[in-house]
Amino acid sequence: MKHQLPALEYSYESLEPYIDGETMKIHHTKHHQNYVNKLNDALESYPDLQEKTVEELLKNIKNLPNEIKTAIINNGGGHINHDFFWKILKKEIPFNPKSEIGKSIIKKFKSYENFEKEFSNAAIGVFGSGWAWLVFNENKELEIIKTQNQDSPLSLGKIPILCIDVWEHAYYLKYQNKRAEYIENFFKIINWKKVEENYKKMKK
Ligand code: MN3
C-alpha cells in the first residue's frame, strides 16, 4: 500500500491574489509530491510499516527503526502537514465567533484579534523553515506552537487544528522576503468551516 499525493479540493488559482496559482502548483505537485515519494522510498523494505497510517507512524516515532526514523519524520511529516494545510485553506469562509472553535478561541485568547496577533507572532518567529500551529494540547487546551522543518505536532502528543506553512517555498515567488505580509494575507483564506470540523472531530 503506497502513500499517494491527495488531490486538492480547489484549483491552484482559487486562493489568488493571496497565494498565487504558480506557487500552489509547484508546492503541491513538486514539494508535496516529493515528500510522498521519499516516504514511500523509506518504507520500501518495511512492509509492516506500510500498513500503518502516517499519523500512526508519527505518533510513535520512538518505535520506528533507526535507519528510517529521520526520513519518516521529514517526509511523513511533510506529507501530512501539507495535506492538513491544503484543507484549511479557502476564500470567503470567515471566522465565526459563534462556532465551537470561535467561542473557544475567544475564551482562550481573549479576542479574535489577539489570537491573530499571537498566531502571527509565532509564524513570524519560526527561524528558518517550519510551521506555526493552533493545536489541542496534552492538557486539552488550545495552544499556539511552532515546529521546525516538517516535524508534526502529533509527535509531541498534540492535535492540529489550524496551521501555516512558513517555509520559503510557500510564499517566495509572490512575497520574497516579506513573510509577515504572507502571514497577514493567510488570515483571509482560512477555511473556518474546516477548522471547526477539525476541532469537533478532536473533541470526540
Ligand atoms: Mn510546504
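The values are calculated or read from the model by the stated rules, or taken from the named source; none is laboratory data. Values in this document were obtained by computation on a predicted structure and should not be read as measured data. Methodologically, a virtual Cβ is constructed for each residue, glycine included, from the backbone with ideal geometry; neighbour enumeration extends over all protein chains shown.
Some points to look at:
- Within the stretch 8-59, tally of residues that are away from the ligand (no atom under 16 Å from the Cβ) and closer than 23 Å to Ala71 by Cα: 19
- Strands (runs of 3 or more DSSP E) lying entirely in the stretch 81-196 (those with 3 or more residues that are farther than 21 Å from Glu56 by Cα and more than 16 Å from the ligand (Cβ to nearest atom)): 142-148
- Test result for Ile93, under 29 Å from Asn185 (Cβ atoms) and within 19 Å of the chain's Cα centre (by Cα): yes
- For the stretch 147-171, a residue qualifies if it is on the phi < 0 side of the Ramachandran plot, surrounded by fewer than 16 Cβ atoms within 10 Å (Cβ to Cβ) and touching a helix residue (DSSP H, G or I) at 6+ places or on another chain (Cβ under 9 Å), and the qualifying residues are Glu168, His169.
- For the stretch 19-41, residues that are in contact with an Asp or Glu (Cβ under 9 Å, 6 or more places away or on another chain) and either more than 20 Å from Lys91 (Cβ to Cβ) or outside any helix (DSSP H, G or I) (or both) total 2.
- Cβ-Cβ under 7 Å pairs, at least 6 apart or on other chains, the stretch 1-23 side without any contact (Cβ under 8 Å) to a residue 40 or more places away in the chain, far side among the acidic types (Asp, Glu): Gly21/Glu13
- Neighbours by Cβ (under 7 Å, 6+ apart or cross-chain): first from the stretch 164-180, closer than 18 Å to Ile88 by Cα; second at pLDDT 95 or above and not in a helix (DSSP H, G or I): Ile164/Trp131; Ile164/Ala132; Asp165/Trp131; Val166/Val126; Val166/Gly130; Val166/Trp131; Val166/Ala132; Trp167/Ser129
- In the set (1) among the hydroxyl-bearing types (Ser, Thr, Tyr); (2) under 21 Å from Lys204 (Cα atoms); (3) surrounded by 18 or more Cβ atoms within 10 Å (Cβ to Cβ), the condition left unmet by Ser99 is number (3).
- Matching residues, the stretch 59-77, being within 22 Å of Gln4 (Cβ to Cβ) and more than 20 Å from the chain's Cα centre (by Cα): Leu64, Ile68
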